[in-house]
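Here is the structure we will look at, set down as structure tokens.
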Amino acid sequence: MDGRISGGPRVSAVRAWSFTAAMAAVAWLPLIGFLLLIAAGGLVWGGWQMIALPMLWLLPALYTRAVLPDALPGRAVRPDDEPELAALVRDMAERTGFGAPLLVRILPEPAVLTVQVRTAGGHAYALLLGLPLVRALSATHLAAVIAHELAHERHFDDRRTRALLAARVALAERLEGRLRPLAPLAAPLLRATQPWPWQEELAADAEAARVVGGDAAREAVERVAVIDAAFDGIAQDWVEDLVEEGSYPVDLYEAFDLALQDPLVRARAAREDAEEEDLDVYATATHPPTAVRTAALPHTGTGTGTGTSTSTSTSAAYGSAPLVLRDAEVVAEWCVQRLACADGPGGTLQAGGGGGALRPEDLKPVRLLELDPDRFRLPADGGHRAEALAAATGQPSPTGALRAALDAVADGDWYGLARRMRPQLRWLPAAVRRRLGGQVLASAMGAALVPLLLEAGWSCTSRWMSTVLTAPDGTVVDLYEVLVTAVDGGDPAPVHALLDKSGTEKAERA
């Protein structure tokens, strides 16, 4: 196997293994240097315990990784329990030529991936499907997503490709956090190897288009990107806020389904997806931008399977409605509890504050749709952001803080305010500091401006967002867009106009 399908990457063995070795060496360089430093200290000062203690510290982790089996993430789905989902997966496996045994499991997050597992009969694969995708995508779009994922394993299942991608992921993880001493070495390697995973993704997209049709594959790519960004920006915040209060949302997925029907939520999610792609300064992304993926897909209508023995299109077979799980309530409850008590995908229970693992019975179930909508309109932490703006400007009133921030925008020295509100900006790459700082300042100004406009008679346009408001005359204003544009362009006049208008309207209401 040469590690490619039609239109996909052909990776030279020498180049691939050379890059893999280089990335692995750079990724492990800090740990190697640390251990060598400890060993040198032990040799110089005669303290062999300096060598023994780090080794003893590493042994449990090494033993766990080497000996103990990893628990499969997600909730198992048996074909007898969910025959419709099992039939769809089986059909996609046949159409993509995927012949290995395949298990299906449900994840709480909107992710799709395959992992190798060991079974009594040898090796098999587990297909992990995110519940938000299963609920929100049509059956045809879900088929496209599954076909895409199975294409990875069917056509890229070789040691060379796996090693290269694993080395990229390990190196990218080393660039997170405050200290990035390896960035000058890591960034060129990541940029040089990024075309390979990108070509792999585009080739898998092409395989999905062959199976379900180009239009369905394109729509699936767009909708998955929106669902992923919306879930990360909305649903995760809901869960975190309620867990802090000792409860969890039993109707999380029901509320999220409703939120996805709001065009303003979808537009915001699409914008956040594009913004995240623009901030990838180290080329760590393994997927091309959504716009690149959709542009590469043909306009071919629906697919015709393998093109040999079937002429039934996937769209005709599965339709435009979501695939309904028979055990939907139980699966949703399990997923919500795992999100509330988990520290990572799949439901690994997190450690509570000195009280051991957080358990579902430690939390009180509540219904999001029965709570005051103002509590869960985004941004959820608006009060904290407004307080941070007041502290950074030294102005106790929201109006004074806003005017001070706008003066800083006009003068061009607003980045200092952003730094005072979010000190972590100093640890970010220089290429993205000001852009992210502008978003921080715009969000804080929005948190201070929204209450003023609401007092003046404005109203929230969306049940799920507080940054899009409707004026008394019916005009809809996206405050975040206005504020970001003002900060980036150094022109605070439109925001001053909104602020002055809120004062006038409030006085008229009084």
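The values are calculated or read from the model by the stated rules, or taken from the named source; none is laboratory data. Predicted model only: the values in this text are computed from it and were never measured. All Cβ positions, even for glycine, are placed from backbone atoms using ideal geometry, and neighbour counts span all protein chains on display. Accessible surface areas use protein heavy atoms only, side chains included; no ligands, DNA or RNA. Shrake-Rupley method; radii C 1.70, N 1.55, O 1.52, S 1.80 Å.
Only residues that are surrounded by 23 or more Cβ atoms within 10 Å (Cβ to Cβ) and not in a loop (DSSP other than H, G, I, E, B): list them for segment 107-126, please.
Going residue by residue through segment 107-126, those that are surrounded by 23 or more Cβ atoms within 10 Å (Cβ to Cβ) are 107-110.
Answer for segment 107-126, where residues must be surrounded by 23 or more Cβ atoms within 10 Å (Cβ to Cβ) and not in a loop (DSSP other than H, G, I, E, B): just 107.
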task = State all residues of segment 188-215 that are open to solvent by 10 Å² or more (accessible area, probe 1.4 Å) and within 16 Å of residue 320 (Cβ to Cβ); if no residue qualifies, say none.
result = 215
Count - residues of segment 113-140 that are of a type outside the set (A, V, I, L, M), over 19 Å from the mean Cα position of the chain (by Cα) and within 15 Å of residue 89 (Cβ to Cβ) = 2
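Conditions (1) of a type in the set (S, T, N, Q); (2) in contact with an Asp or Glu (Cβ under 7 Å, 6 or more places away or on another chain); (3) open to solvent by less than 30 Å² (accessible area, probe 1.4 Å), marked per residue:
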site	(1), (2), (3)
409	no, no, yes
451	no, no, no
464	no, yes, yes
476	no, no, no
485	yes, no, no
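Tell me the helices (runs of 4 or more DSSP H) entirely within segment 311-402 that contain at least 1 residues that are surrounded by 14 or more Cβ atoms within 10 Å (Cβ to Cβ) and modelled with pLDDT under 75.
Working: elements: 314-318, 328-341, 382-393.
Per the criteria, 314-318, 382-393.
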task = State yes or no: is residue 503 not aromatic (Phe, Trp, Tyr) and not in a helix (DSSP H, G or I)?
result = no
request  = Say whether the condition of being surrounded by fewer than 18 Cβ atoms within 10 Å (Cβ to Cβ), more than 20 Å from the chain's Cα centre (by Cα) and at pLDDT 90 or above is met by at least one residue in segment 285-295.
outcome  = yes
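If the requirement is being open to solvent by 80 Å² or more (accessible area, probe 1.4 Å), of a type in the set (A, V, I, L, M, F, W, C) and modelled with pLDDT under 95, which of these qualifies: 66, 40? Walk me through it before giving the result.
Details: 40 fails: open to solvent by 80 Å² or more (accessible area, probe 1.4 Å).
None of the other options fit; the residue is 66.
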